[in-house]
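Below you'll find the structure, written out as structure tokens, and then a few comments.
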Amino acid sequence: MTLIPAYAASDAGSPLVPFAIERRAPGPRDVQIEILYCGVCHTDIHQVRDEWGKGIFPMVPGHEIVGRVSATGGEVVNYEPGDMVGVGCFVDSCRQCPQCRSGQEQYCDEGMTATYNARERGSGTPTHGGYSTRIVVDEEYVLRIPEGLPPDRAAPLLCAGVTAWSPLRHFGVVAGDRVAVVGLGGLGHMAVKLAAAIGADVTVLSTSESKRDDAVALGAQDFAATGSGRVFKTHRGQFDFIIDTVSAQHDYNAYLGLLKVDGTMVLLGMPEPAALSASALVSRRRRLAGSLIGGIAETQEMLDFCAAHGIAADIELIGIDAINSAYERMLAGDVRYRFVIDMASLRGA
Ligand code: NAP
Ligand code: ZN
Ligand code: ZN
């Protein structure tokens, strides 16, 4: 065990402050990673403020991790020191259940072991995330960052990227489909880039009129501000697929009205529960679905797709001492489009 620097919240009401955590020495199948960058996901805010309950404190958030391998266990076959690698939202799962066997570890019957705010299988030791300088992870749960992807801009792909990618693939979105992306934040901007790269006709629906030009630059064909409510008339019944990334409570029924017959709306954002009207679904045989991040193989597929298509996140690089104000800016919708922590700021480099 080695003590390494991190940032943690001591309880749900507290800001993130400097903290020291222990990391295990690499076991036979482990990869030890010196963290270079960590993206800041809205889920970090939900969890650090214990909005979903059962939080484990002190909590070190961060599940969009990119770094360099510094050591490997004797049985590791896929990685060696010096490799640029990533770690996403989970670091373990049962490896036996149907989902684990089919590369959908995020839906593990026994529950995936989240990168932070969880307990290691077996030992029960709390897991700590990427707001730290080092992490040790079983190689089966490590991703390879392809050559050509800038490591800082690749970090958000480990959560935001794959969370947008997985439903596009699972629900079979193809070129020419009309896709609406609701909320232009970390997930939303990746959904626009990836859907546009697939060839979909993308419309951004946003509360922020000021994001119109960005939406088009990111690859959207169309943009509509949702504030006045007019869009729910002008765009009624127009979309094959809606990706809802909104982090705060809002009216799902209004957005469902924008789907065509047989259209699907997939929820990615995880605000407090909101009322659902049966008629919004029944009247056009619409579907409402949810989707949780993506599996390991799918995450690698997305990283390789991004490298091949020149796609990476649009980021604002911050020092870790700016993390609490970054959270406030995210809550105000003021992020273009992902904060990424430069971990050199924590090493004192
Ligand atoms: P983010 O960067 O903060 O973006 C959220 C966006 O939602 C904002 O930029 C804003 O876009 C919109 N928004 C915020 N408040 C709103 C309100 N009151 N009404 C309408 N729109 C509002 O967050 P993120 O990191 O993309 O995460 C988004 C959500 O997805 C969070 O709930 C997060 O926990 C969840 N998440 C889920 C998964 C999964 O596996 N399903 C994975 C990661 C994150 P506009 O300014 O364009 O309106
Ligand atoms: Zn996330
Ligand atoms: Zn499993």
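The values are calculated or read from the model by the stated rules, or taken from the named source; none is laboratory data. Since the structure is predicted, the reported quantities are computational estimates derived from the model, not experimental observations. Virtual Cβ from ideal backbone geometry, glycine too; neighbours counted across all protein chains shown.
Of note:
- Selection from region 21-56 of residues that are in contact with a Ser or Thr (Cβ under 6 Å, 6 or more places away or on another chain) and either within 14 Å of ligand 1 (Cβ to nearest atom) or not in a strand (DSSP E or B) (or both): H42
- Listed by position, the strands (runs of 3 or more DSSP E) enclosed by region 64-130 that each have at least 1 residues that are within 16 Å of ligand 1 (Cβ to nearest atom), closer than 22 Å to I45 by Cα and in contact with a Leu (Cβ under 6 Å, 6 or more places away or on another chain) are 84-87.
- Tabulated pairs, region 318-336, first polar (S, T, N, Q), second surrounded by fewer than 21 Cβ atoms within 10 Å (Cβ to Cβ) and outside any helix (DSSP H, G or I), C-beta under 8 angstrom, 6+ apart or interchain: N324/P15
- Residue identified as buried (at least 19 other Cβ atoms within 10 Å of the Cβ) and out of contact with any Gly (no Cβ under 6 Å at 6 or more places or on another chain) among L281, L194, L292: L194
- Residue check, M84 among the aliphatic types (A, V, I, L, M) and away from ligand 2 (no atom under 16 Å from the Cβ): yes
- Breaking point among (1) outside any loop (DSSP other than H, G, I, E, B); (2) more than 16 Å from ligand 2 (Cβ to nearest atom); (3) in the same structural domain as M59 (by TED's automatic domain parsing); (4) closer than 26 Å to A215 by Cβ, for A154: (2)
- Considering residues of region 93-113 that are within 16 Å of ligand 2 (Cβ to nearest atom) and in contact with a Ser or Thr (Cβ under 6 Å, 6 or more places away or on another chain) only, the residue farthest from H170 (Cα to Cα): M112
- Among residues that are farther than 25 Å from G88 by Cβ and surrounded by 15 or more Cβ atoms within 10 Å (Cβ to Cβ), G263 is included.
- For F90: the one exception among (1) within 16 Å of ligand 2 (Cβ to nearest atom); (2) out of contact with any helix residue (DSSP H, G or I) (no Cβ under 8 Å at 6 or more places or on another chain): (2)
- Hits in region 71-106 - residues which are near ligand 3 (Cβ under 8 Å from one of its atoms) and surrounded by 17 or more Cβ atoms within 10 Å (Cβ to Cβ): S93, Q99, C100, E105
- Residue check for V216: more than 16 Å from ligand 2 (Cβ to nearest atom), crowded, with 24+ Cβ neighbours inside 10 Å and not assigned by TED's automatic domain parsing to the domain that holds G82: no
- So I315, is it farther than 16 Å from L187 by Cα and either surrounded by 21 or more Cβ atoms within 10 Å (Cβ to Cβ) or not assigned by TED's automatic domain parsing to the domain that holds V85 (or both): no
- Entry remark, region 33-59: residues being buried (at least 24 other Cβ atoms within 10 Å of the Cβ) and away from ligand 2 (no atom under 13 Å from the Cβ) number 4 in total.
- If you filter region 142-164 down to residues that are of a type outside the set (G, A, S) and within 14 Å of the chain's Cα centre (by Cα), you find that the one that is surrounded by the most Cβ atoms within 10 Å (Cβ to Cβ) is L157.
- Counting the residues of region 133-151 that are within 16 Å of ligand 2 (Cβ to nearest atom) and either touching a Leu at 6+ places or on another chain (Cβ under 9 Å) or modelled with pLDDT under 95 (or both) gives 1.
- Residue in region 204-213 that is closer than 30 Å to D83 by Cα, crowded, with 16+ Cβ neighbours inside 10 Å and modelled with pLDDT of 95 or more present: no
- Every pair of residues 6+ apart whose Cβ atoms lie under 6 Å, when the first sits in region 220-232 and is closer than 16 Å to G183 by Cβ while the second is of a type in the set (D, E, K, R): F223/R212; A225/E209
- Selected residue (criterion: farthest from ligand 3 (Cβ to nearest atom)) from residues of region 21-60 that are aliphatic (A, V, I, L, M) and under 30 Å from L184 (Cβ atoms): L36
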